[in-house]
Amino acid sequence: MKKNTYLLFSLIFFLLIGFSQYTYDLNTDYFKKRNTFLALPSGKTMRILSFGNSELVADFIYIWSIQFFSNYNILNSKQFIEDIYNLITDISPRYKDPYLMGSTIMAIEMNNIEMAVRLLQKGSKNMEDEWIFDFESGYYTSKYLKNYKLAEKFYKKASKKKGAPDFISRLLYHSIYMQGKLEESLALYQSVLKSASTEMEKHSANLHLYQIKFEIDKRKVKSAIDLFFKRYGFYPDNINELVTYRLLEEVPKDFKGHYYNYDQKKGTIDPREGYMWKK
(Lines give C-alpha, C1' and ligand atoms only; values in the text may rest on other atoms or scores of the structure.)
Protein backbone atom coordinates (compact mmCIF):
# COMPACT_ATOMS: atom_id res chain seq x y z
CA MET A 1 0.00 0.00 0.00
CA LYS A 2 2.79 2.39 0.99
CA LYS A 3 4.68 1.63 -2.21
CA ASN A 4 1.57 2.28 -4.32
CA THR A 5 1.14 5.66 -2.60
CA TYR A 6 4.73 6.59 -3.47
CA LEU A 7 4.18 5.58 -7.07
CA LEU A 8 1.00 7.65 -7.23
CA PHE A 9 2.79 10.70 -5.84
CA SER A 10 5.64 10.16 -8.30
CA LEU A 11 3.19 9.95 -11.20
CA ILE A 12 1.44 13.14 -10.12
CA PHE A 13 4.81 14.89 -9.64
CA PHE A 14 6.02 14.06 -13.13
CA LEU A 15 2.64 14.87 -14.69
CA LEU A 16 2.84 18.31 -13.11
CA ILE A 17 6.35 18.75 -14.46
CA GLY A 18 5.16 17.68 -17.91
CA PHE A 19 2.21 20.04 -17.83
CA SER A 20 4.43 22.91 -16.70
CA GLN A 21 6.86 22.18 -19.51
CA TYR A 22 4.01 21.98 -22.02
CA THR A 23 2.65 25.35 -20.87
CA TYR A 24 6.13 26.85 -21.01
CA ASP A 25 6.69 25.49 -24.53
CA LEU A 26 3.48 27.10 -25.80
CA ASN A 27 4.61 30.53 -24.68
CA THR A 28 8.31 30.34 -25.51
CA ASP A 29 10.14 31.11 -28.72
CA TYR A 30 13.00 28.63 -28.49
CA PHE A 31 14.83 30.16 -31.43
CA LYS A 32 15.15 33.56 -29.84
CA LYS A 33 18.52 34.42 -28.35
CA ARG A 34 18.00 34.92 -24.64
CA ASN A 35 19.26 34.50 -21.12
CA THR A 36 17.48 32.22 -18.72
CA PHE A 37 17.14 31.75 -14.99
CA LEU A 38 17.47 28.35 -13.40
CA ALA A 39 16.77 27.54 -9.74
CA LEU A 40 17.80 24.06 -8.62
CA PRO A 41 16.86 22.13 -5.49
CA SER A 42 19.49 20.28 -3.50
CA GLY A 43 20.42 16.70 -4.24
CA LYS A 44 19.04 15.67 -0.84
CA THR A 45 15.66 17.23 -1.67
CA MET A 46 15.53 15.51 -5.04
CA ARG A 47 16.33 12.14 -3.49
CA ILE A 48 13.39 12.58 -1.11
CA LEU A 49 11.08 13.64 -3.93
CA SER A 50 12.16 10.65 -6.03
CA PHE A 51 10.53 8.23 -3.55
CA GLY A 52 13.29 5.68 -3.96
CA ASN A 53 13.75 6.19 -7.69
CA SER A 54 16.82 8.44 -7.47
CA GLU A 55 18.62 6.76 -10.40
CA LEU A 56 15.59 7.35 -12.64
CA VAL A 57 15.34 11.01 -11.61
CA ALA A 58 19.08 11.49 -12.14
CA ASP A 59 18.74 9.97 -15.60
CA PHE A 60 15.89 12.33 -16.51
CA ILE A 61 17.86 15.39 -15.40
CA TYR A 62 20.99 14.15 -17.19
CA ILE A 63 19.12 13.73 -20.50
CA TRP A 64 17.55 17.16 -20.04
CA SER A 65 20.98 18.68 -19.30
CA ILE A 66 22.34 17.51 -22.65
CA GLN A 67 19.40 19.13 -24.43
CA PHE A 68 19.79 22.27 -22.32
CA PHE A 69 23.49 22.76 -23.08
CA SER A 70 23.09 21.92 -26.75
CA ASN A 71 20.57 24.79 -27.13
CA TYR A 72 22.87 27.59 -28.24
CA ASN A 73 20.00 30.08 -28.20
CA ILE A 74 20.28 30.14 -24.39
CA LEU A 75 23.16 32.56 -23.99
CA ASN A 76 23.97 31.96 -20.33
CA SER A 77 23.47 28.20 -20.09
CA LYS A 78 27.11 27.57 -19.14
CA GLN A 79 26.79 29.50 -15.88
CA PHE A 80 24.57 26.68 -14.53
CA ILE A 81 26.69 23.74 -15.62
CA GLU A 82 28.55 23.02 -12.39
CA ASP A 83 25.37 23.23 -10.30
CA ILE A 84 23.45 20.96 -12.68
CA TYR A 85 26.08 18.22 -12.81
CA ASN A 86 26.69 18.44 -9.08
CA LEU A 87 22.94 17.98 -8.61
CA ILE A 88 22.84 14.92 -10.85
CA THR A 89 25.83 13.34 -9.14
CA ASP A 90 24.47 14.17 -5.69
CA ILE A 91 21.24 12.36 -6.54
CA SER A 92 23.09 9.36 -7.97
CA PRO A 93 26.77 9.46 -6.89
CA ARG A 94 27.79 6.33 -8.84
CA TYR A 95 26.24 7.43 -12.14
CA LYS A 96 29.37 7.55 -14.31
CA ASP A 97 28.19 9.32 -17.48
CA PRO A 98 27.36 12.76 -15.98
CA TYR A 99 30.89 13.09 -14.59
CA LEU A 100 32.39 12.41 -18.00
CA MET A 101 29.92 14.42 -20.05
CA GLY A 102 29.92 17.36 -17.66
CA SER A 103 33.71 17.53 -17.49
CA THR A 104 33.93 17.35 -21.30
CA ILE A 105 31.64 20.36 -21.68
CA MET A 106 33.54 22.23 -18.97
CA ALA A 107 36.96 21.51 -20.46
CA ILE A 108 36.36 21.54 -24.21
CA GLU A 109 33.52 24.04 -24.66
CA MET A 110 34.18 26.31 -21.68
CA ASN A 111 37.95 25.91 -21.39
CA ASN A 112 37.48 25.70 -17.62
CA ILE A 113 39.88 22.90 -16.73
CA GLU A 114 39.76 23.51 -12.98
CA MET A 115 35.97 23.06 -12.98
CA ALA A 116 36.25 19.89 -15.07
CA VAL A 117 38.83 18.43 -12.70
CA ARG A 118 36.65 19.24 -9.67
CA LEU A 119 33.81 17.21 -11.16
CA LEU A 120 36.10 14.36 -12.19
CA GLN A 121 37.65 14.18 -8.74
CA LYS A 122 34.18 14.06 -7.22
CA GLY A 123 33.63 11.00 -9.41
CA SER A 124 36.95 9.54 -8.26
CA LYS A 125 35.91 9.99 -4.64
CA ASN A 126 32.46 8.49 -5.14
CA MET A 127 33.74 5.59 -7.26
CA GLU A 128 37.16 4.74 -5.89
CA ASP A 129 37.35 1.60 -8.03
CA GLU A 130 37.16 3.53 -11.34
CA TRP A 131 40.38 4.64 -13.05
CA ILE A 132 38.77 6.80 -15.74
CA PHE A 133 38.22 9.89 -13.59
CA ASP A 134 41.85 10.20 -12.49
CA PHE A 135 43.02 9.46 -16.02
CA GLU A 136 40.82 12.23 -17.46
CA SER A 137 42.03 14.61 -14.74
CA GLY A 138 45.63 13.82 -15.65
CA TYR A 139 44.94 14.32 -19.35
CA TYR A 140 43.31 17.73 -18.89
CA THR A 141 45.92 19.07 -16.47
CA SER A 142 48.75 17.85 -18.70
CA LYS A 143 47.42 18.91 -22.10
CA TYR A 144 45.77 22.22 -21.23
CA LEU A 145 47.35 23.44 -17.99
CA LYS A 146 50.83 22.01 -18.63
CA ASN A 147 50.84 21.21 -14.92
CA TYR A 148 52.85 18.00 -15.16
CA LYS A 149 53.32 17.68 -11.40
CA LEU A 150 49.55 17.56 -10.89
CA ALA A 151 49.16 15.28 -13.91
CA GLU A 152 51.70 12.90 -12.35
CA LYS A 153 49.57 12.74 -9.21
CA PHE A 154 46.40 11.88 -11.16
CA TYR A 155 48.08 9.38 -13.51
CA LYS A 156 49.68 7.66 -10.53
CA LYS A 157 46.28 7.26 -8.85
CA ALA A 158 44.71 5.96 -12.06
CA SER A 159 47.52 3.48 -12.81
CA LYS A 160 47.10 1.77 -9.43
CA LYS A 161 43.41 1.00 -9.92
CA LYS A 162 42.09 -2.35 -11.07
CA GLY A 163 41.66 -2.61 -14.83
CA ALA A 164 43.72 0.49 -15.61
CA PRO A 165 45.25 0.13 -19.13
CA ASP A 166 49.03 0.03 -19.51
CA PHE A 167 49.23 3.30 -21.45
CA ILE A 168 48.43 5.26 -18.28
CA SER A 169 51.79 4.24 -16.84
CA ARG A 170 53.50 5.59 -19.94
CA LEU A 171 51.64 8.87 -19.58
CA LEU A 172 52.75 8.93 -15.95
CA TYR A 173 56.37 8.48 -17.01
CA HIS A 174 56.03 11.22 -19.62
CA SER A 175 54.67 13.66 -17.02
CA ILE A 176 57.68 12.85 -14.83
CA TYR A 177 60.00 13.52 -17.78
CA MET A 178 58.29 16.84 -18.58
CA GLN A 179 59.06 18.02 -15.04
CA GLY A 180 62.77 17.62 -15.76
CA LYS A 181 63.30 14.54 -13.56
CA LEU A 182 65.74 13.13 -16.07
CA GLU A 183 67.51 10.37 -14.13
CA GLU A 184 64.21 9.01 -12.84
CA SER A 185 62.73 9.19 -16.32
CA LEU A 186 65.71 7.41 -17.86
CA ALA A 187 65.30 4.46 -15.49
CA LEU A 188 61.53 4.31 -16.08
CA TYR A 189 61.81 4.28 -19.88
CA GLN A 190 64.58 1.69 -19.77
CA SER A 191 62.12 -0.55 -17.95
CA VAL A 192 59.44 0.26 -20.55
CA LEU A 193 61.80 -0.68 -23.38
CA LYS A 194 62.76 -3.90 -21.64
CA SER A 195 59.13 -5.00 -21.16
CA ALA A 196 57.69 -3.58 -24.42
CA SER A 197 55.61 -6.11 -26.33
CA THR A 198 54.78 -4.05 -29.44
CA GLU A 199 56.80 -2.06 -31.96
CA MET A 200 54.87 1.09 -31.03
CA GLU A 201 55.86 0.74 -27.37
CA LYS A 202 59.49 0.15 -28.33
CA HIS A 203 59.49 3.13 -30.68
CA SER A 204 58.00 5.44 -28.04
CA ALA A 205 60.47 4.25 -25.40
CA ASN A 206 63.42 4.71 -27.78
CA LEU A 207 62.33 8.25 -28.61
CA HIS A 208 62.09 9.15 -24.95
CA LEU A 209 65.41 7.52 -24.12
CA TYR A 210 67.18 9.33 -26.98
CA GLN A 211 65.88 12.70 -25.84
CA ILE A 212 66.37 12.08 -22.11
CA LYS A 213 69.97 10.91 -22.55
CA PHE A 214 70.76 13.98 -24.66
CA GLU A 215 69.36 16.29 -21.99
CA ILE A 216 71.44 14.56 -19.29
CA ASP A 217 74.57 14.74 -21.47
CA LYS A 218 73.84 18.35 -22.39
CA ARG A 219 73.79 19.37 -18.72
CA LYS A 220 77.06 17.57 -18.10
CA VAL A 221 78.80 18.99 -21.16
CA LYS A 222 77.49 22.52 -20.55
CA SER A 223 78.89 22.47 -17.03
CA ALA A 224 82.29 21.41 -18.37
CA ILE A 225 82.24 23.99 -21.21
CA ASP A 226 81.26 26.79 -18.83
CA LEU A 227 84.17 25.88 -16.57
CA PHE A 228 86.53 25.79 -19.59
CA PHE A 229 85.33 29.24 -20.72
CA LYS A 230 85.73 30.62 -17.19
CA ARG A 231 89.36 29.42 -17.12
CA TYR A 232 90.50 30.34 -20.62
CA GLY A 233 88.01 32.93 -21.91
CA PHE A 234 87.02 31.01 -25.02
CA TYR A 235 85.21 27.80 -25.96
CA PRO A 236 87.18 24.63 -26.77
CA ASP A 237 87.92 24.00 -30.45
CA ASN A 238 86.39 20.56 -30.14
CA ILE A 239 84.66 18.64 -27.44
CA ASN A 240 87.62 16.25 -26.99
CA GLU A 241 89.54 19.07 -25.29
CA LEU A 242 87.18 18.72 -22.31
CA VAL A 243 88.61 15.23 -21.79
CA THR A 244 92.18 16.44 -22.37
CA TYR A 245 91.78 19.09 -19.69
CA ARG A 246 90.08 16.55 -17.41
CA LEU A 247 86.78 18.39 -17.32
CA LEU A 248 85.00 15.31 -18.67
CA GLU A 249 85.88 11.64 -18.21
CA GLU A 250 84.83 10.84 -21.77
CA VAL A 251 83.04 12.41 -24.74
CA PRO A 252 79.35 11.41 -24.42
CA LYS A 253 77.48 9.68 -27.19
CA ASP A 254 73.77 9.73 -27.90
CA PHE A 255 71.44 6.79 -27.20
CA LYS A 256 72.23 5.31 -30.62
CA GLY A 257 75.98 5.48 -30.06
CA HIS A 258 76.76 8.56 -32.18
CA TYR A 259 78.67 11.66 -31.13
CA TYR A 260 76.69 14.87 -30.74
CA ASN A 261 77.13 17.87 -33.03
CA TYR A 262 79.37 20.48 -31.40
CA ASP A 263 79.06 24.21 -32.16
CA GLN A 264 82.41 25.84 -31.26
CA LYS A 265 81.06 29.39 -31.69
CA LYS A 266 78.26 28.86 -29.18
CA GLY A 267 79.94 26.24 -27.05
CA THR A 268 76.93 23.91 -27.27
CA ILE A 269 76.10 20.39 -28.36
CA ASP A 270 73.01 19.38 -30.31
CA PRO A 271 71.44 16.01 -31.08
CA ARG A 272 71.63 14.58 -34.57
CA GLU A 273 67.88 13.93 -34.44
CA GLY A 274 65.10 16.42 -33.69
CA TYR A 275 63.11 16.78 -30.49
CA MET A 276 59.71 15.18 -30.10
CA TRP A 277 58.67 16.99 -26.91
CA LYS A 278 59.26 20.63 -26.14
CA LYS A 279 59.24 21.88 -22.59
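Odds and ends about this structure:
- Residue check for Asn86: surrounded by fewer than 19 Cβ atoms within 10 Å (Cβ to Cβ), touching a strand residue (DSSP E or B) at 6+ places or on another chain (Cβ under 8 Å) and not acidic (Asp, Glu): no
- So Leu120, is it part of a helix (DSSP H, G or I) and in the same structural domain as Ile84 (by TED's automatic domain parsing): yes
- Tally of residues being farther than 19 Å from Lys220 by Cβ and assigned to a helix (DSSP H, G or I) across region 183-204: 12
- Among the residues making up region 88-110, a single one is in a loop (DSSP other than H, G, I, E, B) and among the hydrophobic types (A, V, I, L, M, F, W, C): Met110.
- Test for Ser65: is it surrounded by 15 or more Cβ atoms within 10 Å (Cβ to Cβ), closer than 26 Å to Phe14 by Cβ, at pLDDT below 95 and within 24 Å of the chain's Cα centre (by Cα): yes
- Ser54 within 30 Å of Thr5 (Cβ to Cβ), in contact (Cβ under 8 Å) with a residue 12 or more places away in the chain and surrounded by fewer than 18 Cβ atoms within 10 Å (Cβ to Cβ): no
- Those residues of region 89-98 which are within 22 Å of the chain's Cα centre (by Cα) and crowded, with 22+ Cβ neighbours inside 10 Å, in sequence order: Thr89, Pro98
- Any pair with Cβ under 8 angstrom, 6 or more apart, that starts in region 141-168 at a residue that is modelled with pLDDT under 95 and part of a loop (DSSP other than H, G, I, E, B) and ends at one that is surrounded by fewer than 17 Cβ atoms within 10 Å (Cβ to Cβ) and not polar (S, T, N, Q): Lys162/Asp129
- Leu172 being within 29 Å of Leu207 (Cβ to Cβ), assigned to a loop (DSSP other than H, G, I, E, B) and either touching a helix residue (DSSP H, G or I) at 6+ places or on another chain (Cβ under 8 Å) or in contact (Cβ under 8 Å) with a residue 40 or more places away in the chain (or both): no
The values are calculated or read from the model by the stated rules, or taken from the named source; none is laboratory data. All values derive from a computational prediction rather than experimental measurement. Reconstructed Cβ throughout: ideal geometry from the backbone, glycine too, with neighbour counts over all protein chains shown.
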